[in-house]
Amino acid sequence: MDAVILAAGLGTRLRPHTLQTPKPLLPVQGRPILDWALGALPPAVDRVLVVVHYLADQIEAYLREQKHHKQWATVLQAEPRGTGDALRACRSRIHSERFMVLNGDDLYGARDLAGLAVCPAGLLVQPVDEPRRFGIAFLRPDGTLERLVEKPELDGRHLANTGAYLFPSSVFETDLQESARGEYEITDYVSALAARQPVHVVQAQFWLPIGTIEVWQEAQTMNLDVHLRA
């Protein structure tokens, strides 16, 4: 199985630390965030595509030295036009009938990714108490995904989209349209897929989106091995 890791972002919320270092290479306990992500991928993944843009040469240099995956390649996103555009850039480079997609600046539990890997199509979610800060998954009565709603005006505990997906290659049959914010959204791929076939929802036991300097600092003292070891 191929895995696509989205690592093209500018990391603006972690400046000044990302002015000279791409966010996926920021160190967490002496290892780049991206290194933790590669180490957590399930054994079914034998090839990795990393989408790059900002400071791409540094990410390529890291990939040449990493020991997790011998088969890897980078895919250049020429302009930062959204996560959907980043994935679409990989269309001709994906070899497997199913493939995993992860955010390159989040930390995911290895057991959770292993559970996602067995789905024909799937989405990793985690319960949150502030749904207005996240994309929220709404489920059908059978527990599969009905739709995703970005930052809904809701309160209480809901299931957040973690940005980890299992797609069939047929997902590219969807023709993405530009969103209201002028980007192409990966969630439009998910919604279109859910309208055609069941998209299974896997609840994560561990997910750490490193979106702020405070969370990045918190990650330095957490026991990550227990969650991220494949």
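Filter the stretch 140-167 down to residues that are among the polar types (S, T, N, Q) and buried (at least 19 other Cβ atoms within 10 Å of the Cβ), then give me how many there are.
Of the residues in that region, 2 qualify.
Could you list, in sequence order, all residues of the stretch 26-63 that are basic (Lys, Arg) and either within 24 Å of Gly82 (Cβ to Cβ) or at pLDDT 95 or above (or both)?
Arg47
Filter the stretch 49-80 for residues that are within 17 Å of Ile33 (Cβ to Cβ) and without any contact (Cβ under 8 Å) to a residue 12 or more places away in the chain; which is least open to solvent (accessible area, probe 1.4 Å)?
This residue is Ala61.
Which pairs turn up if I take residues in the stretch 84-97 that are part of a helix (DSSP H, G or I) and look for partners that are among the charged types (D, E, K, R) and surrounded by 15 or more Cβ atoms within 10 Å (Cβ to Cβ) with beta carbon separation below 8 Å, at least 6 apart in sequence or on another chain?
These pairs meet every condition: Gly84/Glu183; Gly84/Glu185; Gly84/Asp188; Asp85/Glu183.
Among the residues of the stretch 123-135, is any of a type in the set (Gly, Ala, Ser), in contact (Cβ under 8 Å) with a residue 40 or more places away in the chain and surrounded by fewer than 22 Cβ atoms within 10 Å (Cβ to Cβ)?
Yes, the stretch 123-135 contains a residue that is of a type in the set (Gly, Ala, Ser), in contact (Cβ under 8 Å) with a residue 40 or more places away in the chain and surrounded by fewer than 22 Cβ atoms within 10 Å (Cβ to Cβ).
Take the stretch 173-194 and flag every residue that is part of a helix (DSSP H, G or I), of a type in the set (A, V, I, L, M) and crowded, with 16+ Cβ neighbours inside 10 Å.
Matches in the stretch 173-194: Ile186, Val190, Leu193, Ala194.
Which one of these does Ser170 not meet: (1) within 14 Å of Ser191 (Cα to Cα); (2) open to solvent by less than 10 Å² (accessible area, probe 1.4 Å); (3) over 18 Å from the mean Cα position of the chain (by Cα); (4) not aromatic (Phe, Trp, Tyr)?
Among (1) within 14 Å of Ser191 (Cα to Cα); (2) open to solvent by less than 10 Å² (accessible area, probe 1.4 Å); (3) over 18 Å from the mean Cα position of the chain (by Cα); (4) not aromatic (Phe, Trp, Tyr), the lone unmet condition for Ser170 is (2).
From the set of residues in the stretch 173-191 that are touching a residue at least 40 places away in the same chain (Cβ under 8 Å) and of a type in the set (Asp, Glu), which is nearest to Leu102 (Cα to Cα)?
The qualifying residue nearest to Leu102 (Cα to Cα) is Glu185.
Looking at the stretch 140-172 only, could you name the residues that are closer than 26 Å to Glu97 by Cα and assigned to a loop (DSSP other than H, G, I, E, B)?
Listed by number, the residues that qualify are Arg140, Asp142, Gly143, Thr144.
Can you tell me which of (1) of a type in the set (S, T, N, Q); (2) under 20 Å from Val149 (Cα atoms); (3) surrounded by fewer than 18 Cβ atoms within 10 Å (Cβ to Cβ) is the one Thr83 doesn't meet?
(3)
When the residues of the stretch 195-211 are filtered to those that are in a loop (DSSP other than H, G, I, E, B) and at pLDDT 90 or above, which remaining residue is surrounded by the most Cβ atoms within 10 Å (Cβ to Cβ)?
Only one residue fits best here, namely Val199.
Got a number for residues in the stretch 192-220 being free of Cβ contacts under 8 Å to residues at least 12 places away in the same chain and under 20 Å from Ala40 (Cα atoms)?
Residues meeting the conditions: 2.
Of all residues in the stretch 102-161, which are among the aliphatic types (A, V, I, L, M), at pLDDT 90 or above and more than 18 Å from Ala194 (Cα to Cα)?
Matches in the stretch 102-161: Leu102, Leu107, Ala110, Leu113, Ala114, Val128.
The values are calculated or read from the model by the stated rules, or taken from the named source; none is laboratory data. All figures in this text were calculated on a predicted structure; none of them were measured in a lab. Methodologically, a virtual Cβ is constructed for each residue, glycine included, from the backbone with ideal geometry; neighbour enumeration extends over all protein chains shown. For the accessible areas, the whole protein counts, side chains as well, though only heavy atoms, and no ligand, DNA or RNA atoms are used. Shrake-Rupley method; radii C 1.70, N 1.55, O 1.52, S 1.80 Å.
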